[in-house]
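Below is one structure, written out as C-alpha cells; the observations come after it.
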Amino acid sequence: MAKTAARRRPYQLAEVIKGWIVDRQLSPGDRLPGEAELMEMLGASKGTIRESTRVLEAQGLVETRTGPGGGVFVREMSETRAISLLSHYLYFKDLSIHDIYQIRLALEPELAASLAGQVSAEDLTRLRASLHSYAEPAQNLDAERQQHIDSLAFHEELAQLSGGNPLLVFIIRFTAQILADLTVYRRLYEPGDHHLGPAGCQYHAQVLDAIEDGDADRARQLMREHLLDAQAVMNDNEVQVKRGFLSEK
C-alpha cells in the first residue's frame, strides 16, 4: 500500500504544480521555481520533484532547458500533440464510422449555419480554389485516398473560420483527423468509389454559395445532407472491406 502511494505521489504533485501554474496565470515561456524552491513549497524530495516534472513534460505542459538560464518552463501543447494523445486513448476503443459521424452531424451543420454571411470574399475565394483537387474522379486508389484527405481538410478550414471558439475548432479538426486515419488504416478507400471526391466537391461548393448568400438554413441543410451521404458511402466501404478481409481467410 505504501509503495502504491509512493508511485502516485509524483502524479499528485504534478496536478498541484498545474494548479499553481493556473493560479498564477503563468504563460508559455514563464519559468517555474527551481528545484529547491519546489521542494520547500511542496514538502517533497528532489527525486519526487524530478518525477513530477517528467510527468508534466510527458503531458506536454512544461519543457526543461539546460545550460545558462535553464530550468523548467511552461509550454503550450501543440494541437498536433493533443490530437496524438487523444488518438492514443482511443486506439483500442474500436471506433466506428457511425461514432465519428454522430459527432460530425451534431456540430458541422450548425457550424456551416453560423458562418452564413460571416466569411470574407478572400476566404471564400481561397476555399473555392481548394476544391479543385477533388473536383474530378480519382484515377486510382492512391489518388482517391488523397482526395478524401483533401476533402476533410475543407471541413477543418471551415472550423478555423468559426470566430474564436477553440474548442469547436479542435473537436472538428480532431474528428476529421480520426476519420482520415481510420480511412487509411482500415483501407476504406479501397472499394474504389472514384466519384466520392467530385460528389463532396459539389456539396462543398453549394455550402460555400449558401454561406456567401447568408442563407443559414440552406448551409445547415446542405452540410447535413453531405455528411449523411458521405457516412452512407463510408459505411458501405467498411462492409466491403470487412467482407474482402473475411474472404481472404
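The values are calculated or read from the model by the stated rules, or taken from the named source; none is laboratory data. No experiment lies behind these values; they were computed from the predicted model shown. Note that each Cβ is placed from the backbone with ideal geometry, even for glycine, and that neighbours are counted across all protein chains shown. All accessible areas refer to the heavy atoms of the entire protein, side chains included, with ligands and DNA or RNA removed. Shrake-Rupley method; radii C 1.70, N 1.55, O 1.52, S 1.80 Å.
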Based on the Kirkwood radius over alpha-carbon pairs, what value in µm²/s does the Stokes-Einstein equation return for the translational diffusion coefficient of segment 1-118 at 20 °C and 1.002 mPa s?
124
Pop a pseudo-label 7 angstrom from the Cα along the beta-carbon direction at both E63 and R9 and give the gap in nm to one decimal.
3.0
If I fit a long axis through the Cα atoms of helix 79-90 and take the longest principal axis of the Cα atoms of the chain, what angle between them do I get, 0 to 90°, rounded to 10?
90
Dividing the Cα radius of gyration by the Kirkwood radius, what Rg/Rh value follows for the chain?
1.10
To the nearest 0.05, what FRET efficiency results for A82 and E122 with a Förster distance of 35 Å applied to their C-beta separation?
0.75
Treat every Asp and Glu Cβ in segment 80-245 as -1 and every Lys and Arg Cβ as +1, leave all other atoms uncharged, and give the resulting dipole magnitude about the Cα centre to the nearest 20 debye.
580
Along the positive direction of the dipole of the chain (beta-carbon charges: Lys, Arg +1; Asp, Glu -1; about the Cα centre), which of V16, A210, L105 reaches farthest?
V16
With an 8 Å cut-off on Cα pairs and a minimum separation of 6 or more residues, tell me the relative contact order of segment 9-74 in percent.
41
Around E76: net Lys/Arg minus Asp/Glu count, Cβ-Cβ under 13 Å
-1
Where a ≥ b ≥ c are root eigenvalues of the Cα gyration tensor, a/c under 1.5 meaning rounded, otherwise prolate if a/b exceeds b/c and oblate otherwise, segment 9-74 counts as rounded
At 1.4 Å probe size, with every protein chain present, just tell me what the per residue accessible area of the chain comes to in Å².
57
Compactness of segment 53-190 as Cα Rg over 2.2 N^0.38 Å, two decimals
1.29
If the chain between L26 and D99 were fully extended at 0.36 nm per residue, the gain over the current Cα-Cα distance would be 22.6 nm
Between the helical axis of 2-23 and the dominant principal axis of the chain, each derived from Cα atoms, what acute angle in degrees is found, rounded to the nearest 10?
70
Specify the angular offset, from 0 to 90 degrees and rounded to the nearest 10, of the alpha carbon long axis of helix 97-115 from the longest principal axis of the alpha carbons in the chain.
80
Label point distance in nm, D215-A135, each placed 7 Å from Cα along Cα→Cβ
2.1
